[in-house]
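**Q** Please find one structure pasted underneath; my questions will follow.
The values are calculated or read from the model by the stated rules, or taken from the named source; none is laboratory data. Please read these numbers as outputs of a predicted model, since none were measured by experiment. Note: ideal-geometry Cβ built from the backbone for every residue, glycine included; neighbour counts use all protein chains shown. SASA here: full protein model, heavy atoms, side chains in, ligands and nucleic acids out. Shrake-Rupley method; radii C 1.70, N 1.55, O 1.52, S 1.80 Å.
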Amino acid sequence: MNLSPQEADWLYALQRPWPLTERPLDALAARLGATPEALADLLARLRAEGLVRRVGGVFDARRLGYRSCLFALPPMAAADEAEALRRIVALPGVTHAYRRGWPEGVALGGVTAADYAGLPSIWYTLSARADRFEAEAARLAALAPLPFPALARYKIDVVFDPRTRGRDERTEYAAPAAPLPAPLPPEPLRAIVRRYQDDTADPAAPFRPEDLPRLRAWQADGTLRRFALLLRHRASGFVANGMCCWRVPEGESDRVGRALAADPDVTHCYARPLADVFPFNLYAMIHKTSWEEGFATFRRLSALAGLSGKVLFSTQEFKKRSIRFFVEEE
């Protein structure tokens, strides 16, 4: 989509936390020197071009009593992989599923797809209520998935800047998190989450006035990371999604993770356990507009960390959606 410099500023602001007021577009417009109608028109144009995932709340799963885990499948025959993917995508708790590795036919810095032989290529994220997580994960146990839970998180929640494309992505910093989720909230609070987790019908006035005190409290304590516009980043031009992985010496994860999290090119950063088939324990996500730019970013981050590793690009997307909380009670 072609945006004027002014519209690019607006799009960036729409991805940041919206004011928790009865008419947030009015407050945003006043801040930006725009009109609410102009912001609503931009949102409508973005929707028409398929660039909007949703306008809604981004909640911290652990603070709502949920668990999430990244899994990878061991290498398998193509026919077995196809059946495995069918089962993975069909499971409601799976929010993301990708083929990750090296793009076929691309050679950069002497690296080719052959350098990724034997590494897991199918990766998915499963999220569920903590009291039901093990049962949900067991539904895919026959696939022998390898779990890679987040042991610490250093950066989460990407915001894409259309003004500078892949060179100036901004994110919200998250300190290392306790691995255990919080208790489940009572039903009245679950109902509030359900009201704001999906795409809003009326962005000009998305909030019930009686919900605003709770939403503000949640924003203050991190339960609500933001209510905002979420873009479809691939459709927006950020097509080179890379999972950069390194092996960090024991006791160095926090230092290196924080250093990587401070880099504007890193959108997410986690410490995860080592595995024999995948001997890396620090992961950083990048989103760039080309394989070349993505690989150059990986090499720069590797030099910054003083480590060698691999970048696994997402070469095929099978599923991507936000977590939907407490939907079994709708």
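**Q** Every residue in region 18-32 that is within 26 Å of Arg214 (Cα to Cα) and either in a helix (DSSP H, G or I) or at pLDDT below 95 (or both), please.
**A** Pro24, Leu25, Asp26, Ala27, Leu28, Ala29, Ala30, Arg31
Per-residue answers, yes or no, for (1) over 18 Å from the mean Cα position of the chain (by Cα); (2) among the charged types (D, E, K, R); (3) open to solvent by 20 Å² or more (accessible area, probe 1.4 Å):
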site	(1), (2), (3)
Ala228	no, no, no
Asn241	no, no, no
Glu252	yes, yes, yes
Asp263	no, yes, no
Tyr270	no, no, yes
Met285	no, no, yes
Thr289	no, no, yes
Lys310	yes, yes, yes
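So that you can scan it fast, the table gives a plain yes or no per residue for (1) at pLDDT 95 or above; (2) assigned to a helix (DSSP H, G or I); (3) of a type in the set (Lys, Arg):
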site	(1), (2), (3)
Ala34	yes, no, no
Arg47	no, yes, yes
Leu70	yes, no, no
Ala97	yes, no, no
Val106	no, no, no
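**Q** Scan region 237-256 for residues that are touching a Pro at 6+ places or on another chain (Cβ under 7 Å) and either more than 30 Å from Leu274 (Cβ to Cβ) or at pLDDT below 95 (or both) and jot them down.
**A** Asp254
**Q** Continuing with this model, one more query. Of all residues being outside any helix (DSSP H, G or I) and of a type in the set (Ser, Thr, Tyr) in region 115-138, which is surrounded by the fewest Cβ atoms within 10 Å (Cβ to Cβ)? Just the residue, please.
**A** If we take residues in region 115-138 being outside any helix (DSSP H, G or I) and of a type in the set (Ser, Thr, Tyr), then Thr125 is surrounded by the fewest Cβ atoms within 10 Å (Cβ to Cβ).
**Q** A further question follows. Which pairs do you get when a residue that is over 22 Å from Ile156 (Cβ atoms) and basic (Lys, Arg), found in region 282-310, comes within reach of a residue that is modelled with pLDDT of 95 or more and open to solvent by 30 Å² or more (accessible area, probe 1.4 Å), reach meaning Cβ atoms under 7 angstrom, with the pair 6+ apart or on two chains?
**A** none
**Q** Right, next: Determine whether region 19-27 contains at least one residue that is of a type outside the set (D, E, K, R) and open to solvent by less than 10 Å² (accessible area, probe 1.4 Å).
**A** Yes, some residue in region 19-27 is of a type outside the set (D, E, K, R) and open to solvent by less than 10 Å² (accessible area, probe 1.4 Å).
**Q** Would you please list the contacts, defined by Cβ atoms under 6 Å and residues six or more apart or on different chains, that run from a residue in region 131-148 that is at pLDDT below 95 to a residue that is among the hydroxyl-bearing types (Ser, Thr, Tyr) and open to solvent by 70 Å² or more (accessible area, probe 1.4 Å)?
**A** none
**Q** Taking Asn2 and the conditions (1) in a helix (DSSP H, G or I); (2) more than 19 Å from Pro203 (Cβ to Cβ); (3) more than 23 Å from the chain's Cα centre (by Cα), which numbered condition does it fall short on, given that it satisfies the others?
**A** Exception for Asn2: condition (1).
**Q** Does Ala8 qualify as being of a type in the set (Gly, Ala, Ser), touching a Leu at 6+ places or on another chain (Cβ under 8 Å) and modelled with pLDDT under 95?
**A** Judged against the criteria, Ala8 is not a match.
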